[in-house]
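Below is one structure, written out as structure tokens; comments come after it.
What follows is calculated from the coordinates using simple rules that are stated; it is not laboratory data. Every value quoted in this text rests on a predicted model; they were computed, and no experiment measured them. Ideal geometry is used to build each Cβ from the backbone, glycine not excepted, and the neighbour counts take in all protein chains shown.
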Amino acid sequence: MIDALLILAAVATITVGGMTVFYAVVQEPQRYFRTERIVYSYPLGLAVLGMPMFVTSWMGLHLNALVVMALVLMMAVAVRCWRKITWHSFWLMPSTVGSNSKSLTEVELILVVIILGCLGARSVACLLTPLVDWDALCFWGLKSKICYFSTIKDAADYFTSPVYRFTNQTYPLLWPMMYAWVCTVLGRFDDLRMLAINPLNLIVFTCLFYFTMRHYVSRLVALAVATMVATLPSTMHYIECGQADIPLMLISGASLFALLDWFHNHRRDSIVLASILMGGALFVKHEGQILMLVDLTLIAASILFVVESAKRRRLWRHAALYVAIAMIMIAPWLWYRSKIPKEAWQIGGQGFSRVRWEELPTFLYTISQNALHWYNGVGLPKWNLLWPILIFFCFLSKAPRHYPWSLLMIAFALHAGAVVLIHLASQVPLTLQHEFALERYTIIMLPPLWIMLAVSLEEWWLVWRSSHGDVSPQ
């Protein structure tokens with residue numbers, strides 16, 4: 001019971017940190033659902049607290065639960081005095097976006113029960129399953145232990161010695177820092193209890209996806225796709241294994257959701273939220289760099305080819321602000337990483353001067369096999385019917401070909417192309433021996449496809465309703 005309360009305190013600190021940022025940035029909270037404002041706060045808290053924790057550890061200071069909590073509360077009070085808007089009115093202000101006041105239908109209620117059942121069962125599993133995954137043990141678990149028992153400054157030998165090359169010393173440290181933070185609040189290093197925060201990533205992502213989609217699609221469609229998000233076998237497995245792919249999916253996905261609002265309304269606070277979240281994504285995994293370049297490409301394409309010329313100068317300033325905030329947030333880590341010897345980098349290769357183009361057919365075949373296999377190499381289910389459903393609805397619907405949804409297909413294609421290119425330039429085997437890495441890359445690439453599926457389903461749902469004479473609001 002005490003452990004549960006302490007874990008709740010650790011999560012509350014992260015959330016309050018994010019609420020403070022959301023409160024400081026968002027000028028019109030009524031544009032968001034009330035619950036949506038809260039669920040945005042958790043990934044924001046991860047993004048803004050990870051780097052200060054790293055910097056203080058780099059200075060040789062250990063994490064201190066009371067100090068961190070006090071600083072978060074002091075910042076919240078300072079922002080409250082600056083904004084001069086009561087917390088009560090900000091968080092409880094009625095939403096002006098479309099909502100459905102009708103009671104849940106039987107189908108919707110079933111979907112909610114499925115979501116709660118799957119996420120609840122996986123939450124229990126995270127409390128029972130120790131760190132047994134290789135990457136979780138060697139990459140994330142070991143680093144969290146270092147961050148708890150030592151500091152970045154005192155553990156400098158770990159990050160530079162070739163002896164520890166197998167642990168991928170250059171991986172960013174946001175998620176190990178979060179594990180260390182939970183253990184700090186617990187007062188001991190507990191590599192089972194620290195995993196209690198893992199289910200939150202998928203829970204929050206599912207909620208955030210649902211509320212984001214409610215701005216654009218009906219409640220039934222948003223619930224249907226949210227159910228697919230919550231029940232996808234590969235996603236559920238990676239909750240409990242202790243790796244950082246689901247956290248990256250959450251933070252980068254939240255950034256994409258904020259950016260989607262910017263595509264529609266070009267509000268500065270939307271792109272500021274997106275940039276802060278992207279700054280956090282850069283500190284989760286190397287792949288955050290790909291995600292930022294992809295999203296920046298979408299921003300540029302929107303300004304160049306969609307926006308009228310009179311607005312472009314203002315929106316280019318938004319784009320510059322997006323880059324500036326994200327780069328300022330990740331700058332301390334990039335500086336520190338530049339000091340790590342090249343021999344400490346795990347994946348070798350000759351860079352892009354030697355891309356194995358002759359292996360492209362082999363790798364594309366491997367990717368297709370990853371998508372088509374019902375089970376992976378250890379007998380766990382993977383995608384169910386996700387890919388046939390995506391192909392059917394996204395390619396036979398009109399919505400994905402219209403702005404801004406068309407940008408999401410570009411985002412997926414650019415991200416997938418970058419992953420392919422990096423692997424062709426590396427020395428890793430391009431076979432199903434690399435299956436589990438492909439699963440994780442795919443999970444991170446899914447958020448734009450989930451959105452595409454939702455808007456495509458909405459298009460078909462509207463056709464069905466109109467053909468049956470149903471014109472009631474959804």
Checklist outcome for this item: By the Cα gyration tensor axes a ≥ b ≥ c (a/c under 1.5 gives rounded; else a/b larger than b/c gives prolate, otherwise oblate), the shape of the stretch 60-175 is oblate
Checklist entry - What dipole magnitude, in Debye to the nearest 20, does the chain give about its Cα centre under +1 on Lys/Arg Cβ and -1 on Asp/Glu Cβ? => result 1320
Checklist entry - So what are the ³J(HN,Hα) numbers for the stretch 236-244, from phi and the Karplus equation (6.51, -1.76, 1.60; θ = phi - 60°), rounded to whole Hz, Gly and Pro as x? => result 5, 5, 6, 5, 8, 7, x, 8, 9
Item to check | Cα-based convex hull, the stretch 153-267, per residue volume (Å³, whole number) | outcome: 154
Checklist outcome for this item: Nearest-0.05 FRET efficiency for Ala70 and Thr297 at R0 = 51 Å, using Cβ-Cβ distance, is 0.80
Checklist entry - Can you give me the pair-distance distribution of the chain, C-alpha pairs, 20 Å bins, whole percents? => result 23, 60, 17, 0
Next on the checklist: Could you tell me how far the Cα centroid of the stretch 183-262 sits from the Cα centroid of the stretch 39-96, in Å?
Outcome noted: 20
Checklist outcome for this item: In whole µm²/s, the translational diffusion coefficient that Stokes-Einstein assigns to the stretch 188-328, given a Kirkwood hydrodynamic radius over C-alpha pairs, 25 °C and 0.890 mPa s, equals 150
Next on the checklist: Taking only the Cα atoms of the stretch 245-347, how large is their convex hull per residue, in Å³?
Outcome noted: 99
Next on the checklist: Test of understanding: extend the Cα→C-beta vector of Ala9 to 7 Å, then name every residue of the stretch 181-202 with backbone N under 13 Å from that spot.
Outcome noted: 182-188
Item to check | Whole-Hz ³J(HN,Hα) from phi, Karplus 6.51 cos²θ - 1.76 cosθ + 1.60, for the stretch 58-67, glycine and proline x | outcome: 4, 6, x, 9, 6, 4, 10, 4, 5, 5
Next on the checklist: I'd like to know which of Leu208, Leu298, Ala454 lies farthest towards the positive end of the charge dipole of the chain, counting +1 on Cβ of Lys and Arg and -1 on Cβ of Asp and Glu.
Outcome noted: Leu298
Item to check | FRET efficiency, 1/(1 + (r/R0)^6) with R0 35 Å, evaluated for Leu116 and Gln433 via beta carbons | outcome: 0.40
Checklist entry - Using θ = phi - 60° and the Karplus form 6.51 cos²θ - 1.76 cosθ + 1.60, what ³J(HN,Hα) does each residue of the stretch 80-97 get, whole Hz, x for Gly and Pro? => result 4, 5, 6, 6, 6, 10, 4, 4, 4, 5, 5, 7, 9, 4, x, 7, 9, 7
Checklist entry - Modelled label-to-label distance, His88 and Phe392, 7 Å Cα→beta-carbon offset: nm? => result 5.2
Item to check | Potential extension, Ile328-Leu127 segment - 0.36 nm per residue separation minus Cα distance | outcome: 68.8 nm
Checklist entry - So what is log10(I(q)/I(0)) for the stretch 44-126 at q = 0.20, 0.24 1/Å, when the Debye sum runs over its Cα atoms only? => result -0.99, -1.10
Item to check | Overall form of the stretch 423-471 per C-alpha gyration tensor (a/c, 1.5; a/b vs b/c) | outcome: prolate
Item to check | Order of Thr231, Thr431, Thr20 under a 10 Å beta carbon neighbour criterion, fewest first | outcome: Thr431, Thr231, Thr20
Checklist entry - Over the chain, what is the relative contact order in whole percent, taking alpha-carbon pairs under 8 Å and six or more residues apart? => result 18
Checklist entry - Quick one: length gained pulling His266 to Ala320 fully straight, 0.36 nm per residue minus the C-alpha distance? => result 18.1 nm
Checklist outcome for this item: Where a ≥ b ≥ c are root eigenvalues of the Cα gyration tensor, a/c under 1.5 meaning rounded, otherwise prolate if a/b exceeds b/c and oblate otherwise, the stretch 3-144 counts as oblate
Checklist entry - What nm distance separates the two modelled labels at Gln27 and Ser467, each placed 7 Å from Cα along Cα→Cβ? => result 4.5
Checklist outcome for this item: Arg188 and Arg165 label points (each 7 Å along its Cα→Cβ direction) are spaced in nm at 3.8
Item to check | Extreme residue, positive dipole direction of the chain, given options Val217, Thr366, Gly187 (C-beta unit charges) | outcome: Val217
Checklist entry - Relative contact order of the stretch 30-109: what whole-number percent is it, with Cα pairs under 8 angstrom and at least 6 residues apart? => result 62
Checklist entry - Relative contact order of the stretch 166-258: what whole-number percent is it, with Cα pairs under 8 angstrom and at least 6 residues apart? => result 31
